[in-house]
1. When the Cα atoms of the stretch 153-249 are enclosed in a convex hull and the volume is divided per residue, what value in Å³ results?
2. Using the structure shown, select from K197/K269; K35/K91; K199/K220; K197/K220 the pairs with a Cα to Cα distance greater than 21 angstrom.
3. Zone of A223 (label point 7 Å along Cα→Cβ, backbone N under 17 Å): which residues in the stretch 131-151?
4. Determine the dipole magnitude for the chain: charges of +1 sit on the beta-carbon of Lys and Arg, -1 on that of Asp and Glu, nothing else is charged, the reference point is the Cα centre, and the result goes in debye to the nearest 20.
5. For the stretch 65-178, just run the numbers: alpha carbon Rg, then divide by 2.2 N^0.38 Å, N being how many residues it has.
6. Mean projection of the alpha-carbon convex hull of the stretch 191-231 over all orientations, in nm²?
7. Set the Förster distance to 35 Å, then compute FRET efficiency between D201 and I274 from the Cβ-Cβ distance, nearest 0.05.
8. Can you sort L147, L122 by solvent-accessible area, 1.4 Å probe, largest first?
Amino acid sequence: MISVEGAYRYCQNITNQQGPHFSVGFRFLPPSKRKAIFAVYAFCRYADDIVDEHQVKPIDLLLKEWEEELVRCYQQTPSHPIGIALSDAIKKYPIPIEGFLGLIAGCKMDCTINRYPTYDALLVYCDKVATTISDLSLPVFGFHDPLAYEYGQALSTALQLTNILRDVGEDLNRGRIYLPLDEIAACGYSEAALLSKTKNDAFLKLVRFQSDRIRALFEKSAALISLVDADARFALSLMRQVYIALMDRIDEKPFDVLDRSIRLSWIQKMRIVIRAAFPS
């Protein structure tokens, strides 16, 4: 069986490969917190990949098996490398099992729901797949004010909505539309236009509307940074700034999201790190 340190390296590799924007900030956490966050992210990412990669086994069965591994983690009897790392992390930090269960429930929604009629309906999904991750991360970051949960929700929702906007084209290829249908219509666009990836002024209006809401959430989330432990503030600030830079990139070339998932280059991410470390 893989060692605990080997399991953490396994989780780190998943995070660096599959979450290159998240991992920029994670690298600046103290070693114990960094490893725990890698384990949390890897567990959540594995659940998400079950849905997206269409495994040979039925998705609901795979998610059930992953949920069973989660239970084994909290019983300290894991079998998967990710579970081995996570079971060690939960001995060190009060990471709630409910957050993982919520995340898995959100993944199950992806199996049956591929459209959201309103923003409120989308928020139900976001609360499961995004807010739960905030609830899982905050105990690792450490915090001293219960308001951290409110601001953490704002940040996690902003991150998820950024991902949704960034991945519009990829999600269309999977038959999914996460942008609220009533907002698509209100901007003079349509589901048919989105499915055909029509590039027009109505789509630009839709992106601007989404961007304004996301940026308001990022603005609110700024208050979270001072509420977490000092040794986690730089990492959290970087994660936030990297995603704001993603939004800047989307706003510069909105039509690009229809053709490919937007990513920041290694150089762009390093510039963000340098600016954060050496503010003018």
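The values are calculated or read from the model by the stated rules, or taken from the named source; none is laboratory data. Remember, predicted model here, so these are calculated numbers, not experimental data. Note that each Cβ is placed from the backbone with ideal geometry, even for glycine, and that neighbours are counted across all protein chains shown. Heavy atoms of the whole protein, side chains included, go into the accessibility calculation; ligands, DNA and RNA do not. Shrake-Rupley method; radii C 1.70, N 1.55, O 1.52, S 1.80 Å.
1. Numbers: hull volume 9.4 nm³, N = 97.
For the stretch 153-249, the hull spanned by Cα atoms encloses 97 Å³ per residue.
2. Values: K197/K269 29 Å; K35/K91 13 Å; K199/K220 31 Å; K197/K220 32 Å.
Exceeds cut-off: K197/K269; K199/K220; K197/K220.
3. Only 143-151 fall inside the zone, counting backbone N under 17 Å.
4. Working: 33 positive and 34 negative charges, 179 e Å.
For the chain, the charge dipole is close to 860 debye.
5. On the way: Rg = 15.5 Å, N = 114, 2.2 N^0.38 = 13.3 Å.
This ratio for the stretch 65-178 stands at 1.17.
6. On the way: hull surface 17.5 nm².
Projected area, direction-averaged: 4.4 nm².
7. Values: r = 37 Å, r/R0 = 1.06.
With R0 = 35 Å, the Cβ-Cβ based efficiency is 0.40.
8. Details: L147 75, L122 5 Å².
Solvent-accessible surface, decreasing: L147, L122.
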